[in-house]
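Asker: Before we start, here is the structure in question, set down as structure tokens.
No lab work stands behind these numbers, since they all come straight from the coordinates. The structure presented is a predicted model; accordingly, all values stated were derived computationally and were not measured. Glycine also receives a Cβ, built like all others from the backbone with ideal geometry; neighbour counts cover every protein chain displayed.
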Amino acid sequence: MRALDSSRRAALEPDIPVPFGIEVFRAGRNPVLKTALEQEIADLEHPVPPGEELERYAGRYLKDETLVLDLREDEGILKAELTDFLPINRQRFLSDLHWKTGGRFVTHIKDVSLSFPARPASVPPRAILSWMGEDLVFQRTETKSVLAFELFSRGEVAEACARIRAEKDTHGRIYPDLEQKLNRLGYQYLRGGKTLPALQVVHLNLELFPECYNVYDSYGEALMVDGKIDSAIASYKRSLELNPQNANAARVIERLRSLQRE
């Protein structure tokens, strides 16, 4: 049996050579781990990809008509803001982005990073957000138009309703549950003491879904809170016509009629 010629073995040279002698072992130190941690910190502290301009990443990226990723350059640092403009959701963050080897940016949040599938020196058509183990794809948009649900978040309720009304087919396609989303939004306004916005949102829902008994039930409640008893009764009656099993509408109608008799 011939002895193995170790000089001919294939070798893989490390990017960062780290001496590791017997003295280090006896002292209980781990220079490999120490070097790796120092390199991790160095990667985080390097804010931009070498040789690339930061501005090409900046812009607005859309997941849909409510989930938006805005990237902007600020004094040599790329900043990311994720916003979900549905008020019932809380999927959002604001963080600086730091370039990390492997072609991605990391945030200050554990398990949240960002990558761009694009050729070097080109404007990325999309961004991929790794969010707690899930990859969310955002398409870049060149327009700066404000989204309908973004208008709601700004308090511009009439404008938001007008946008959805004008683009009802688009919003209906994006959100198969649009009726439920608007209904929850209306109730959020109502419970927050904002009766007029609640009426605007629920009335929009009536226009979009005129055969939905639940929307008339919600509109009746908003009218009742607003003190419009006759109109509230009429709305509840329409809800009951569409769904004779709506026991809530029947109970509220009797209660409102008793108030009228007092």
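Asker: How long is the gain from LYS237 to VAL123 if the chain were fully straight, where each residue apart is worth 0.36 nm and the alpha carbon distance is subtracted?
Answerer: Residue separation times 0.36 nm, minus the Cα-Cα distance, leaves 35.4 nm.
Asker: When Lys and Arg each count +1 and Asp and Glu each count -1, what net charge do the other residues less than 9 Å away from THR83, Cβ to Cβ, add up to?
Answerer: Net of charged neighbours comes to -3.
Asker: For the charge dipole of region 148-261, defined by +1 on Lys and Arg C-beta atoms and -1 on Asp and Glu C-beta atoms about the Cα centroid, which residue among SER153, PHE209, VAL252 has the Cα displaced farthest towards the positive pole?
Answerer: Checked the options; the winner is VAL252.
Asker: For VAL137, VAL215, VAL225, what ranking results if the residue with the fewest other Cβ atoms within 10 Å of its Cβ goes first?
Answerer: Fewest-to-most Cβ neighbours within 10 Å comes out as VAL137, VAL225, VAL215.
Asker: Would you mind putting 167-173, 109-115 in packing order, based on average other-beta-carbon counts within 10 Å, highest first?
Answerer: Those peptides, ordered most packed to least, come out 109-115, 167-173.
Asker: Another question, then. Among the listed pairs LYS63/LYS168; LYS79/LYS181; LYS63/LYS100, give every one whose C-alpha distance is greater than 21 Å.
Answerer: Violating the 21 Å limit, Cα to Cα: LYS79/LYS181; LYS63/LYS100.
Asker: Then there is this: What's the local net charge at PRO176, with K and R +1, D and E -1, over the other residues with C-beta under 14 Å away?
Answerer: Charge balance near PRO176 sits at -2.
Asker: Can you give me the P(r) profile for region 126-262? Cα pairs, bins 5 angstrom wide beginning at 0, each as a whole percent.
Answerer: 2, 10, 16, 18, 17, 12, 9, 6, 4, 3, 1, 1, 0
Asker: Among MET132, MET224, which comes first, then next, by fewest other beta-carbon atoms within 10 Å?
Answerer: Fewest-to-most ranking of MET132, MET224: MET132, MET224.
Asker: Quick one: dipole size for region 122-180, taken about the Cα centre, charges +1 on Lys/Arg Cβ and -1 on Asp/Glu Cβ, in debye to the nearest 20.
Answerer: About 200 debye.
Asker: Which whole-number percentage describes the relative contact order of region 145-231, with Cα contacts under 8 Å and a sequence gap of 6 or more?
Answerer: Here the relative contact order equals 22 percent.
Asker: If you place +1 on the Cβ of every Lys and Arg and -1 on the Cβ of every Asp and Glu, how big does the dipole about the Cα centre of region 158-232 come out, in debye to the nearest 20?
Answerer: So the dipole magnitude of region 158-232 works out to roughly 280 debye.
Asker: Sticking with this one: Report the relative contact order of region 54-141, percent, no decimals, based on alpha-carbon pairs under 8 angstrom and at least 6 residues apart.
Answerer: Once divided by the residue count of region 54-141, the mean separation gives 24 percent.
Asker: Where does each of CYS161, CYS212 land when they are ranked from fewest to most other beta-carbon atoms within 10 angstrom?
Answerer: CYS212, CYS161
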